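A.B. asks: Supplied in structure tokens, the structure appears directly below.
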Amino acid sequence: MIAALGGAALVVGALAGLVLLRVAPAGRSTRARASRARAVRRGAEIGAAFGLIAGLQAIGGLTPLTALFVVLSFAIAEYVLSAGASPSR
């Protein structure tokens, strides 16, 4: 059961990362590399959130409040990571 949940979370994260990479710009510029890194990070975050929610559902600990807590904690983490140092001009 745990292996299936882990595999499903891995697949969801990989698919989300691939979808986000499809819209990321191609090229070797710094901006393109940063965009691809963000896409991979966000795909991993989506997979981890899915895995946590699926794990909570499997053990019977999923409530709307815990699901909201998991999703909001990942959203806040993404906001903090995305608001990092902006390039100076």
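Where a number appears in this text, it was derived from the coordinates with a stated rule and is not lab data. Worth saying up front: this structure is predicted, and the values here are computed from it rather than measured. When we count neighbours, we look across all protein chains shown, and the Cβ atoms used for this are built from the backbone with ideal geometry, even at glycine.
A.B. asks: Between SER73, SER29, SER35, which is surrounded by 17 or more Cβ atoms within 10 Å (Cβ to Cβ) and without any contact (Cβ under 8 Å) to a residue 60 or more places away in the chain? Full working, then the answer.
C.D. replies: Working: SER73 fails: surrounded by 17 or more Cβ atoms within 10 Å (Cβ to Cβ); SER29 fails: surrounded by 17 or more Cβ atoms within 10 Å (Cβ to Cβ).
The conditions single out SER35.
A.B. asks: Still on this structure, please answer the following. Looking at LEU62 and the list (1) assigned to a helix (DSSP H, G or I); (2) surrounded by 16 or more Cβ atoms within 10 Å (Cβ to Cβ); (3) aliphatic (A, V, I, L, M), which single condition is not satisfied?
C.D. replies: Going through (1) assigned to a helix (DSSP H, G or I); (2) surrounded by 16 or more Cβ atoms within 10 Å (Cβ to Cβ); (3) aliphatic (A, V, I, L, M) one by one, LEU62 breaks only (1).
A.B. asks: Turning to a different aspect of this structure: Being surrounded by fewer than 15 Cβ atoms within 10 Å (Cβ to Cβ) and either over 15 Å from the mean Cα position of the chain (by Cα) or not in a loop (DSSP other than H, G, I, E, B) (or both) is the requirement here; does LEU52 meet it? Even if it seems obvious, please write down each step before you answer.
C.D. replies: Values: surrounded by fewer than 15 Cβ atoms within 10 Å (Cβ to Cβ): no; either over 15 Å from the mean Cα position of the chain (by Cα) or not in a loop (DSSP other than H, G, I, E, B) (or both): yes.
Taking the combined requirement at face value, the residue does not satisfy it.
A.B. asks: Go through (1) at positive phi; (2) touching a Gly at 6+ places or on another chain (Cβ under 6 Å) and name the single condition VAL40 misses.
C.D. replies: Looking at each condition in turn, VAL40 falls short on (1).
A.B. asks: Can you find a residue that is among the basic types (Lys, Arg) and part of a loop (DSSP other than H, G, I, E, B) anywhere in segment 21-32?
C.D. replies: Applying the first criterion (among the basic types (Lys, Arg)) to segment 21-32 yields 22, 28, 31.
Retained after the next criterion (residues that are part of a loop (DSSP other than H, G, I, E, B)): 28.
Checked against the condition, which is being among the basic types (Lys, Arg) and part of a loop (DSSP other than H, G, I, E, B), segment 21-32 yields at least one hit.
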